[in-house]
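First the structure, in the form of structure tokens, and then the observations on it.
The values are calculated or read from the model by the stated rules, or taken from the named source; none is laboratory data. As the structure is a computational prediction, the values presented were derived from the model and not from experiment. Every residue, glycine as well, gets a Cβ built from its backbone with ideal geometry; the counts of neighbours run over all protein chains shown.
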2 protein chains.
Amino acid sequence: MKPTHLHATEDCRAVSEVLQRIGDKWSLLVVRRLGEGPTRFNELRHGIGGISQKMLTTTLRSLERDGFVTRTVYPTIPPRVEYELTDLGRELLVPVKGLAEWALVNIGRIHQARAAYDGGIGAAA
Amino acid sequence: MKPTHLHATEDCRAVSEVLQRIGDKWSLLVVRRLGEGPTRFNELRHGIGGISQKMLTTTLRSLERDGFVTRTVYPTIPPRVEYELTDLGRELLVPVKGLAEWALVNIGRIHQARAAYDGGIGAAA
DNA sequence: CGGGATCCGTTGGGATACTG
DNA sequence: CAGTATCCCAACGGATCCCG
């Protein structure tokens, strides 16, 4: 399969769909953290920092629904729930890391462009 | 620079920031279309399809602000405005294409997982 | 401990009307 | 043609309370 073209609009919709899925506020942070191994709920919560319980639950449910993570409940007292990446989740990390490297290298350029743009707006007034 | 670790939380925030930026509903579609060459406003509008005028303007302004596209106004009657990718914008397309390929290959798996999850919910009731 | 339910402010995004 | 301005609704996301 040669991706020589991959220019069709429908294709791009699929990409856009995936991007919006993992491009929300927390998914990527959660996936990255889970990349280090199985993790419990509050472990995730504190490991990420700044995420509310509701959003962590929502994010995990979505990731589970899309087959990126598994949820394992140990019916002990108190309950213990562990989240872990599936194969799909781990595979996702590969292209994401490519984008991650790019982002790290170029985030400065983006911020510069942004500052220049905002400054230009002010100067124009 | 060996990206051996790239595991710091701050790093991931940068990635998350870029991802949310291009992960919105239209940015990627616009960038992809602009990858084919300089394009006028309504040309983009019809070429993408489904995007409102407001969102196209908003998306283009954001992309311009972040240095991904340039906006060129030809002061003719009627006015003619062309949008074009910057070097930064073209470079962005590289890692994005990696993710794009992954998405195209695996979107089916995601949809399957989703259907299975939703079905399981219903069956559990 | 790991959530579910609810309330509420913020943001995203579409439709429409108007302008240079 | 290429926007801007406005309205309005839906989704996102945080805070809080409650429950097994």
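Across the range A:56-91, the number of residues qualifying as under 18 Å from B:Gly108 (Cα atoms) and within 16 Å of DNA strand D (Cβ to nearest atom) comes to 6. Residue-level analysis places B:Tyr74 outside the set of residues that are surrounded by 15 or more Cβ atoms within 10 Å (Cβ to Cβ), modelled with pLDDT of 95 or more and aromatic (Phe, Trp, Tyr). Against the definition (more than 15 Å from the chain's Cα centre (by Cα) and among the aliphatic types (A, V, I, L, M)), how does B:Val81 come out, yes or no? Yes. Of all residues in the range B:30-71, those satisfying the criterion of being part of a helix (DSSP H, G or I) and within 10 Å of DNA strand C (Cβ to nearest atom) are B:Gln53, B:Lys54, B:Met55, B:Leu56, B:Thr57, B:Thr58, B:Thr59, B:Ser62. Screening B:Leu19, B:Leu63, B:Leu56 for residues that are of a type in the set (A, V, I, L, M) and within 7 Å of chain A (Cβ to nearest Cβ) leaves exactly one candidate, B:Leu19.
Look at the range A:28-83 and say how many of its residues are closer than 21 Å to B:Asp118 by Cα and of a type in the set (Lys, Arg). Total satisfying the criteria: 4.
Results for (1) under 18 Å from A:Gly89 (Cβ atoms); (2) outside any helix (DSSP H, G or I); (3) of a type in the set (Phe, Trp, Tyr), shown as yes or no for each residue.
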{"residue": "B:Val96", "(1), (2), (3)": "no, no, no"}
{"residue": "B:Trp102", "(1), (2), (3)": "yes, no, yes"}
{"residue": "B:Ile110", "(1), (2), (3)": "yes, no, no"}
{"residue": "B:Ala113", "(1), (2), (3)": "yes, no, no"}
{"residue": "B:Ala116", "(1), (2), (3)": "yes, no, no"}
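The residues of the range B:6-29 that are in contact with a Gly (Cβ under 7 Å, 6 or more places away or on another chain) and assigned to a helix (DSSP H, G or I), listed by number, are B:Leu19, B:Gln20. Given the structure, is B:Met55 at pLDDT 90 or above and either among the aromatic types (Phe, Trp, Tyr) or out of contact with any strand residue (DSSP E or B) (no Cβ under 7 Å at 6 or more places or on another chain) (or both)? For B:Met55, the condition - at pLDDT 90 or above and either among the aromatic types (Phe, Trp, Tyr) or out of contact with any strand residue (DSSP E or B) (no Cβ under 7 Å at 6 or more places or on another chain) (or both) - is met. Among the residues of the range A:29-52, those that are more than 15 Å from A:Leu93 (Cα to Cα), modelled with pLDDT of 95 or more and either in contact with a strand residue (DSSP E or B) (Cβ under 8 Å, 6 or more places away or on another chain) or crowded, with 21+ Cβ neighbours inside 10 Å (or both) comprise A:Pro38, A:Thr39, A:Arg40, A:Phe41, A:Leu44.
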